[in-house]
Amino acid sequence: MNKSDLVAKIAEKMELSLAKSEEVLAVLLEGIAKTLKKGETVTLVGFGRFGVKSRAARKVRNPRTGKEMQVKAKKVPFFKAGKELKETVDA
């Protein structure tokens, strides 16, 4: 399922136009992204939790040249599935 499929599913279930459904999805995703940018978590009970982890700077080796390189520290988003989602997928 991609974004347009999800928009169509929302439109069908909520009896909304495709444009309104796309707007609803955009607001949801924007809210999640802004919350993560602040370093906070988003918890959807039964579905899962979105959060941010920090990765430390580290040295890596370029496999093509063998040259050592430095990778900067950065923050990366993560998702941890909730119990109900795990059970639904496993059923």
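Summed over the range 38-69, the residues that are part of a loop (DSSP other than H, G, I, E, B) and either more than 15 Å from the chain's Cα centre (by Cα) or at positive phi (or both) give a count of 11. If you check Val27 against the conditions, is it under 25 Å from Pro77 (Cα atoms), open to solvent by 80 Å² or more (accessible area, probe 1.4 Å), touching a residue at least 24 places away in the same chain (Cβ under 8 Å) and out of contact with any Pro (no Cβ under 6 Å at 6 or more places or on another chain)? So Val27 fails the test.
The values are calculated or read from the model by the stated rules, or taken from the named source; none is laboratory data. Here the structure is a predicted model, which means the values were calculated and not measured. Cβ sites come from the backbone with ideal geometry, for glycine too, and all protein chains shown count toward neighbours. Ligands, DNA and RNA are stripped out before the accessible areas are found, and what is left, the full protein with its side chains, is counted by its heavy atoms. Shrake-Rupley method; radii C 1.70, N 1.55, O 1.52, S 1.80 Å.
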